[in-house]
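Heads up: the structure comes next, in structure tokens.
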Amino acid sequence: LKSEKVYLDPKMKFDNPAEMFDYYNKNSFTINNKEIFLTRGIGLTDWEFEHKSVQVGKIIGRGQFGEVRRGKLTLKTGAVVFVAIKSIIEGKLCEFPSDAPGDLVKYVKEKMWNKNPEQREQMDKVHILACFA
């Protein structure tokens, strides 16, 4: 495998993004004669969780679009809830069965994934018990 370095400034290359951001959280760099400081990262939205908050368990079902696993989610309040985790198979998201309701297909494609991925938190408007992103 070819190992490529990551960088913002070609004079300073790093083995991985974590090393790069760790360095630039403490040091500035220059682009187009402008000194740049990384002052803060992009925070999580209310509906996003850190990976460490999710425990993925055994598969409980498989379907055309992916699989469902048992899991535990630690909410931001500290409460732990048992969840079903849906994983979508890459490339399968928009391949709906021919008999799928047109309104559902349109909603998923336009609102949740293709055109407005930032609106995925609106999944509570369809018949889903709860959705944690």
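Rule-based calculations on the coordinates, nothing more; no lab input. Since the structure is predicted, the reported quantities are computational estimates derived from the model, not experimental observations. Glycine gets a Cβ as well: all are built from the backbone with ideal geometry, and neighbour counts include every protein chain shown.
Values computed for the structure shown
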read-out: Prolate/oblate/rounded label for region 27-68 (Cα gyration tensor, a/c 1.5); value: prolate
read-out: Which listed pairs, of K26/K76; K5/K72; K5/K26; K13/K52; K13/K86; K86/K106, have C-alpha distances above 30 Å, in listed order; value: K5/K72; K13/K86
read-out: Virtual spin-label span in nm between T30 and K5, 7 Å along Cα→Cβ; value: 1.9 nm
